[in-house]
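The values are calculated or read from the model by the stated rules, or taken from the named source; none is laboratory data. These numbers were taken from a predicted model, which means no experiment stands behind them. Positions of Cβ are backbone-derived with ideal geometry, glycine not excepted, and every protein chain shown enters the neighbour counts.
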Amino acid sequence: MPESSATEVGTTAGAPAPGSTAKALVVLQVLAEDGGAVQLAELARRCGISKPTAHRVLAGLRALAWVRAHEGGRYSLGPQAQAFAAMVSPGTSVEHSLTRLRNAVGHTVHAGVLVEDHVVYTHKLDGHDPFVMRSRVGATAPLHCTGMGKALLAHLPDDQVTAVLAAGLPRRTPGTLTDPEALRAELRLIRERGYAVDDEENEEHIRCLAAVVPETLGHPLRAVSISTVTFLTDRELLLGHVAALLHCARSLAAS
């Protein structure tokens, strides 16, 4: 386990005490170096700050989804940090896994992370279809009507699902599920079969197949999808790629 301190990771001996921004960056760096969940006391020690200061910094980072809290007073990097890292780190094993999936199925593939009540696209590889998807890295998408969004929503704790449903389910297309009970039934089906389908629910003529990336800490935060246009690939052909999609999701879990 790394033995970093505030001096080692962010300041120079004898320099003025770092401000709140610098302290937040040091906390994020220590969490990134650890790669798992760190106890508050250990985190404060390695950052060279007091426990009350560490708690205050963590509260601010949690509010922005850069840090995630776990049982027992442990903390790890949150979905916003993971989204940022993915967007600025091309050529990673994530891209290698997505490239294999894209080459196997021929369609556009995406990876994304859960940030509060939406999905952030972190990766996109265009397929071989003669049409380009409007999605882009860094863009957000709703949970209730997208493939990756529904896959993630299906694995969230019930209180978080209830909060998403209570906030409203805006209709994006004639196929959008706007009835809370109908969406809950869909989420149960997604959990049972292991994948989600967006059947023109977010954009007309776009159909997506998605699955969550298994996580070792807490509920899934990441998802992967295959997207195509309905007039080139029918539903049954897209469902034929389930095995390849799930294999990619498992490979991403190891990255």
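Quick look at the values:
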| quantity | calculated |
| --- | --- |
| Those residues of the range 97-121 which are within 25 Å of Val67 (Cα to Cα) and in contact (Cβ under 8 Å) with a residue 40 or more places away in the chain, in sequence order | His110, Ala111, Gly112, Val113, Leu114, Val115, Glu116, Asp117, Val119, Val120 |
| Yes/no for Ala154 being in contact with a Lys or Arg (Cβ under 9 Å, 6 or more places away or on another chain) and either among the small types (Gly, Ala, Ser) or surrounded by 19 or more Cβ atoms within 10 Å (Cβ to Cβ) (or both) | yes |
| Flag for Ile206 being at pLDDT 95 or above, surrounded by 13 or more Cβ atoms within 10 Å (Cβ to Cβ), in contact with a helix residue (DSSP H, G or I) (Cβ under 6 Å, 6 or more places away or on another chain) and more than 18 Å from Val161 (Cα to Cα) | no |
| Subset of the range 29-46 (residues that are assigned to a helix (DSSP H, G or I) and out of contact with any Phe, Trp or Tyr (no Cβ under 8 Å at 6 or more places or on another chain)) | Gln29, Val30, Ala32, Glu33, Asp34, Ala41, Glu42, Ala44, Arg45, Arg46 |
| Matching option when the condition is in a helix (DSSP H, G or I) and either in the same structural domain as His55 (by TED's automatic domain parsing) or not charged (D, E, K, R) (or both), among Leu152, Leu114, Leu169 | Leu152 |
| Hits in the range 34-93 (condition: touching a Pro at 6+ places or on another chain (Cβ under 7 Å) and more than 18 Å from His118 (Cα to Cα)) | Asp34 |
| Test for Val88: is it buried (at least 22 other Cβ atoms within 10 Å of the Cβ) and either in the same structural domain as Thr228 (by TED's automatic domain parsing) or more than 19 Å from Leu152 (Cβ to Cβ) (or both) | no |
| Single residue of the range 231-254 satisfying the filter (in contact (Cβ under 8 Å) with a residue 24 or more places away in the chain and more than 22 Å from the chain's Cα centre (by Cα)) that is surrounded by the fewest Cβ atoms within 10 Å (Cβ to Cβ) | Phe231 |
| Complete set of residues in the range 197-230 that are closer than 26 Å to His96 by Cβ, hydroxyl-bearing (Ser, Thr, Tyr) and free of Cβ contacts under 8 Å to residues at least 60 places away in the same chain | Thr216 |
| Selection status of Gly127, in a loop (DSSP other than H, G, I, E, B) and buried (at least 16 other Cβ atoms within 10 Å of the Cβ) | yes |
| Residue in the range 47-55 that is outside the structural domain of Thr140 (by TED's automatic domain parsing), modelled with pLDDT of 85 or more and of a type in the set (A, V, I, L, M) present | yes |
| Selection count, the range 89-139, where residues are of a type outside the set (A, V, I, L, M, F, W, C) and touching a His at 6+ places or on another chain (Cβ under 7 Å) | 9 |
